[in-house]
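Undergrad: Encoded as structure tokens, here's the structure I'll be asking about.
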Amino acid sequence: MTAPVQWLFGAVAIALLAAIPVVTGGTYYAYLGIIVFIYGIVAIGLNILSGYAGQFSLGHAAFMAMGAYTTAILSKSLNTIPFFAQTGLHIWLGVIVGTVLAALFGIVLAIPALRVRGPYLAMVTVAFGWVVWKILQEWVAVTGGDLGISSIPKPRIGAALLDTRSFYYVVLLFFLAALALQYRLIHSQFGLRVRAVKHSEIAVASVGVNVYRLKVVVFVISAAFAGFGGTLFAHQQNYISPDNFQFFSSVFFLLAVLFGGAGTMLGPVVGAAVLMLLPEMLHDFDKYRLIVYAGLILLTLYFLPKGVMGLLPEQRSAAPAPADAMEEAVALPPIRGAGLAVEGVTRRFGGLLALSDVSFRVEPGSIHALIGPNGAGKTTLINIVSGIYRPDHGSIRVDGENARIESMHAAAQEGIVRTFQTLKLFGDMTVIEHVMIGMTRHAKAGLWDAFAGSQRARDEASAQLVEARALLKLLGISQLENVPANSLAYGHRRLVEIARALAVKPRILLLDEPAAGLIAEEIRALAVVIRRLRSMGMTILLVEHHMDLVLGVSDRITVLDHGAVIADGSPSEIRRDERVIAAYLGHAHAAA
Amino acid sequence: MYFFFQIALSGIATGAIYGLIAVGYSLTFMTTKALNFALGMWVMMGGMLTYSLHVQYGLNPLLVLPIVTVALFLLGIVAERFSVYPFLRAGSDVWVLSTLAVGFLMIDFAEIVWGRNPTPVPPFFGKEPVYFGSVSILPQQLLIIAAACATFIGLDFFYRKTLLGKAFRAVAHSGEVSSLMGINTRRVQALSYATAAALAGIAGFLVVPLTLAEPQLGTVLGLKAFAIAIIAGLAAPRGILICGLVYGAFEGLVSGYLYTGIRDILGFSIMILALYLRPEGIFGRAQEERA
Amino acid sequence: MSSSTYLKRLAAAVAVASLGAMTGAHAQEVKIGMAAALTGPASFVGTEIKRGAEVAIDEINAKGGVKGRKLVLIARDDEHNPVKTVAQYRELVEREKVVAMLGASNSASMLAVTPIVNDTLKVPVICPATDATEITENEAKKQGRENYLFRVGMYGTGQANFMVDTMVKKFGHKKIGLLNWTGGWGVTGRGELNRRLKEHGLTPVGDETFDNNDTDMTAQIIKLKNAGAESILNYALVRENTFVVKTKEKLSNDIPYVSAWGIAGPAFWKAAGTSAEGVLSSTTVTIDGPQSAERIAFINEYKKRFNEDMSAAVFAVGAYDAIYLFKEAMEKSGFEPAQIRAGLENIPEFKGLVKHFKRPVFTKDRHNAVTEEDMIMTRWTNGKLLEIKFDDKGPYVEIDASTKKYLDKSNMKLM
């Protein structure tokens, strides 16, 4: 679908939604609409977290409850004050405070929760939802216990009470705004990172992003959406009780996201609408309802594993083609490679001594290879330099300065960026998106620019696009710009990893077995790329098994065996070193 | 002291139930990295089948046990084929949803077949309590504690000595490597799911005389068991059993000395904290995304 | 069940549905709606309401309907979910044009619909279940507007008063222990019991709770025993109470145990068996023991029609009476919802199944048909829920028309 067609579809859809209360008469459909929109808002928030960022939450009803109870208690207590009674401002004050409070509790939960992943995260959120639900029941003095809070002020604007139909339009507007926010967020620089986290947290960290903080921020945004939905819910219903926010409500929202299509713009909304309205249409099946309901879910999933929205052809927002002249005009900024010194690094794993007092220097602007038989400690070393592990002893210096490498993203801040032996690409994200994510570290536009869609963010994005294209051109993969990574050939995937790392503008590039799995022709192309990078001034530390490549490109080689440096010298020196030969032959003998 | 021991023992008996169910989560997680989210409903199916065979048809429990086990094992094979495998193969996360949907189907099925009213199942060894000093416990509760202990020992035997157990471990360690070793990874995954289902069935068989036969039987049990599996660490089945017993005793003591209403609030809060301090569970080993 | 029967039933359901749609157009029909849980754990409440109403409606229709117009019941399953209840109330009133409603199966659902019923939908509702006091004592009533909510079942404050008063005044117990469910209405009930005890100048000797998945109440029972409780008052439903009485049996504990109307039906005996012997329950109706002719007719009709015993007679009987109350109101005032509402406040006497009301069933200020004076205390006796009556010699139950057994006040055993 082209953009104008999409706009047309959108306009028609909004017009239809707006017509519902007028055409149907009464309040039944308007009410169902309001509920679907409110659930939709909550589901959109959950979609950002679970669909796009891949972090499952089964406790979102708790955030909805926070919003709902906050505004209920606040607006009810302010209701008697004449100022508020006349202006109705207390309701909207409650909506704001409720949303903010839900977001704050999002932080409280996210800090412990996001240290864990997968089912562990799901359980933490379940536990949180359960705790909140229990507190709602037990703290009778404030929450009214099981009977909840009734006589919550009805929504109003000024002195005018909003009846079901008018409130429908208010909620419709909020709902459309939530959709728009989701769109902006996901299509921003920030959104790229969010989507990447779903596929590989470690790779996102490698480009200098604090993944933990990113996840916390996403969680808080998600909680705010849920809290906001909750506040609207409270004023719509005029009555809330813990029943509304049980474990099953949380399950419902996750079902809605998965059913509609996780990580799609409209999926959560479609899911919420179908799951909410379907039982209403199954009135007459009475006791078979659950079977029909569950059966339908199963069948849908079976035939549409990507959710209902998976039916639609995938949308790829192809980046606009740039004017050729512009592309030519932009040269890549000069690289100032840094010197790297590994000094006395020791690392144990339990009783195993993986690295023992390893020291060597990498000259700025050189290609330095690190080789050794399997189990020699190469991977451990590169993991230490790139911040995955901390050394037990020893230090890493960059240009003579002690580098603070406490995490992967800290390493990237120091200008050390790596690629991965086992490729860590971001699933179906496109090649150019991978490169754009690499540029995160130098991005100025933040979250608020993303939400606001500011000029600054747009300028920056277009500048980055130009630069990203130049990088692809450098690596000879310009033609793959809009190809999803998971449909690339293996050799190209390697190059995308390198392109992503280069986008961070590293001063030291760590290549972890870049030739693994490549055919001879691809290795030759890789050698060309590596040499070209050196000629531009990059410092490269190359861990590699493929000897032709190592001997062909390296300025200097360090050999590790059993966690210790056994040789260090130029390729010709290493080639003649007896200990190296013995180490390799010895292993060869052992293997034979 | 009588009070302390009485409530601690009652708590441990409840904890043994949690532990038995919770082990099932670990079985499938280790081989497929997926969970049967509706395991509690499988417990219910085991309980309801026991009700039918034992109460309605008067079968001896010793006969009921193998029937329930086999029935749920077979059901597990079928359910895995249709509600888990297609999604695992597609690399989709919707197994969360599909396993739950199977659970809903089971609840509705049970409501239609057995009705919604809770019905008692007589304990297998009568309802006269056994006394340790003045501390009393029901024979059925003892049986469950014994079953938990047997599982604790049996798991070790299973994983180390039996072919199936070894295959489970190999697949848990690395699916790729074990396929190279000639293990049919696909079959092992299906078998692990079915084994978890059968275990849930056995748990249902043991539990139902203590609870009531009703479609809602396993829902909360399954959830608590899940919490325990997570606290202990999904990759540590024996740790899960220990955790179950400890959690049960904890619940009993909180109810006894504090107040039942804050029991779950306290329990789940501690769980969140425990995971913060030990993200892979108390008995779990760190599994970082490999670089 | 075989799959072919299942398919047949499914087909039948579809057929019934389409029939319903076709006949819906008949102008002379008077539609009465209900939205309550018909599936899930609380469905027994909704099912009993529906069945009780169906019996009454068919009786009325068989005798020519109300002023020649036939009554029709349209029931919706709200799944115990207040959001759905609200949606279904709107649908039933606005689209199906029902003129009266029967209440839901849970208080939360009723509290959720109360504001829209009084402010927007304006259709009279009679609740056979749902005992939250605020359902009838609502905003509209406080503001002196027309209150559309009525109740023939228990109401919260009244029941707690009745339970406490009975134990304190009639049984002379001063050391009262509480043991309540922390979920659902148990929390509310606990508060109400505490309030009433306080009004008597008493504090509970123990205030214990349990959760709805607890199967062993050992800790709580021992604590109450150690506190010297003379009787234990409770708010919970059948399954939780089954575990309470089983634990009491395990511990050989015979402190009198008094529960609210959650266990006042055969489902409790079915679940708990002989462990339930001697347990007391407050209620509005029991269908065991000597019964009026009308009740016997209803019980037989129910059994014949649904091929099983009532699992919670109070709700079925309440719904049956509610339909007849609607009928009286319609005959008296007309078929418009507002007229029915007004009519309900104007029934001077009513011979119902719940009881023979020899005073106005409802008044402008009192929308609870059953007051504290109408509630009864019952005792589970060999599978029967027998009303406890009092004479000079103390409390007794009538095993049958000729056998009268007195109760030991200290353990509720038969003497």
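Undergrad: Spot the failing condition for A:Ser166; the list is (1) polar (S, T, N, Q); (2) more than 10 Å from chain B (Cβ to nearest Cβ); (3) within 26 Å of C:Gly191 (Cβ to Cβ), and only one is missed.
TA: Unmet for A:Ser166, out of (1) polar (S, T, N, Q); (2) more than 10 Å from chain B (Cβ to nearest Cβ); (3) within 26 Å of C:Gly191 (Cβ to Cβ): (3).
Undergrad: Still on this structure: Based on what the data block shows, is A:Gly263 assigned by TED's automatic domain parsing to the domain that holds A:Met123 and either at pLDDT 90 or above or not in a helix (DSSP H, G or I) (or both)?
TA: Yes: the conditions hold for A:Gly263.
Undergrad: For the range C:201-239, enumerate the residues that are among the acidic types (Asp, Glu) and within 10 Å of chain B (Cβ to nearest Cβ).
TA: Passing the criteria: C:Asp207, C:Glu208, C:Asp211, C:Asp214, C:Asp216.
Undergrad: For the range C:111-200, which helices (runs of 4 or more DSSP H) that fit wholly inside it have 1 or more residues that are within 14 Å of another protein chain (Cβ to nearest Cβ) and surrounded by 24 or more Cβ atoms within 10 Å (Cβ to Cβ)?
TA: It comes to C:156-165, C:184-199.
Undergrad: Just one of B:Val254, B:Val246 is out of contact with any Leu (no Cβ under 7 Å at 6 or more places or on another chain) and β-branched (Val, Ile, Thr); which is it?
TA: On inspection, the qualifying residue turns out to be B:Val246.
Undergrad: Say whether the condition of being farther than 30 Å from A:Ala463 by Cα and more than 26 Å from the chain's Cα centre (by Cα) is met by at least one residue in the range A:213-231.
TA: Yes, because at least one residue in the range A:213-231 is farther than 30 Å from A:Ala463 by Cα and more than 26 Å from the chain's Cα centre (by Cα).
Undergrad: If a residue has to be surrounded by fewer than 23 Cβ atoms within 10 Å (Cβ to Cβ) and either of a type in the set (Val, Ile, Thr) or assigned to a helix (DSSP H, G or I) (or both) to count, how many in the range A:179-191 make the cut?
TA: 9
Undergrad: Could you please give the count of residues in the range B:240-252 that are more than 18 Å from C:Asn213 (Cα to Cα) and crowded, with 24+ Cβ neighbours inside 10 Å?
TA: Number satisfying all stated conditions: 3.
Undergrad: Take residues that are modelled with pLDDT of 85 or more and tell me which of the helices (runs of 4 or more DSSP H) falling wholly in the range A:489-592 contain 2 or more.
TA: A:490-503, A:520-535, A:547-553, A:571-576
Undergrad: For B:Pro215, indicate whether it is within 14 Å of chain C (Cβ to nearest Cβ) and in contact with a Lys or Arg (Cβ under 7 Å, 6 or more places away or on another chain).
TA: In short, yes.
Undergrad: Search the range B:50-77 for residues that are within 20 Å of B:Gly115 (Cα to Cα) and pair each with any residue that is among the basic types (Lys, Arg) when their beta-carbon atoms are under 7 Å apart and the residues are at least 6 apart or on different chains.
TA: none
Undergrad: Can you list residue pairs whose Cβ atoms sit under 8 Å apart, with the first residue in the range A:324-346 being in the same structural domain as A:Ala564 (by TED's automatic domain parsing) and hydroxyl-bearing (Ser, Thr, Tyr) and the second being part of a loop (DSSP other than H, G, I, E, B) and modelled with pLDDT of 85 or more? Count only pairs 6 or more apart in sequence or on different chains.
TA: From residues that are in the same structural domain as A:Ala564 (by TED's automatic domain parsing) and hydroxyl-bearing (Ser, Thr, Tyr), the pairs are A:Thr346/A:Pro391; A:Thr346/A:Asp392.
Undergrad: Name the helices (runs of 4 or more DSSP H) wholly inside the range B:1-99 in which the number of residues that are within 14 Å of chain C (Cβ to nearest Cβ) is 1 or more.
TA: B:2-32, B:39-50
Undergrad: Hey, another quick one. Within the range A:139-174, can you find the residues that are hydrophobic (A, V, I, L, M, F, W, C) and touching a Pro at 6+ places or on another chain (Cβ under 6 Å)?
TA: Of everything in the range A:139-174, those that are hydrophobic (A, V, I, L, M, F, W, C) and touching a Pro at 6+ places or on another chain (Cβ under 6 Å) turn out to be A:Leu162, A:Phe167.
Undergrad: With the range A:365-465 as the region, which strands (runs of 3 or more DSSP E) entirely inside it contain at least 2 residues that are more than 14 Å from chain B (Cβ to nearest Cβ) and aliphatic (A, V, I, L, M)?
TA: The strands (runs of 3 or more DSSP E) meeting that bar are A:367-371, A:393-398.
Undergrad: Suppose we filter A:Leu232, A:Leu278 for residues that are part of a helix (DSSP H, G or I), over 30 Å from C:Asn138 (Cα atoms) and of a type outside the set (Ser, Thr, Tyr); which single one remains?
TA: Going through A:Leu232, A:Leu278 in turn, the sole match is A:Leu278.
Undergrad: If you take the residues in the range B:182-220 that are without any contact (Cβ under 8 Å) to a residue 60 or more places away in the chain and assigned to a loop (DSSP other than H, G, I, E, B), which one is nearest to B:Leu53 (Cα to Cα)?
TA: Ranking the qualifying residues of the range B:182-220, first place goes to B:Asn184.
Undergrad: Hand me the list of helices (runs of 4 or more DSSP H) wholly inside the range A:86-173 holding 2 or more residues that are surrounded by 17 or more Cβ atoms within 10 Å (Cβ to Cβ).
TA: So the answer is A:89-113, A:118-138.
Undergrad: Which residue pairs have Cβ atoms closer than 6 Å, lie 6 or more positions apart in sequence or on different chains, and pair a first residue in the range A:278-290 that is more than 7 Å from chain C (Cβ to nearest Cβ) with a second residue that is modelled with pLDDT under 70?
TA: Within 6 Å, the pairs are A:Leu282/A:Arg289.
The values are calculated or read from the model by the stated rules, or taken from the named source; none is laboratory data. The model shown is predicted, which means the values in this text are computed figures rather than measured ones. Glycine gets a Cβ as well: all are built from the backbone with ideal geometry, and neighbour counts include every protein chain shown.
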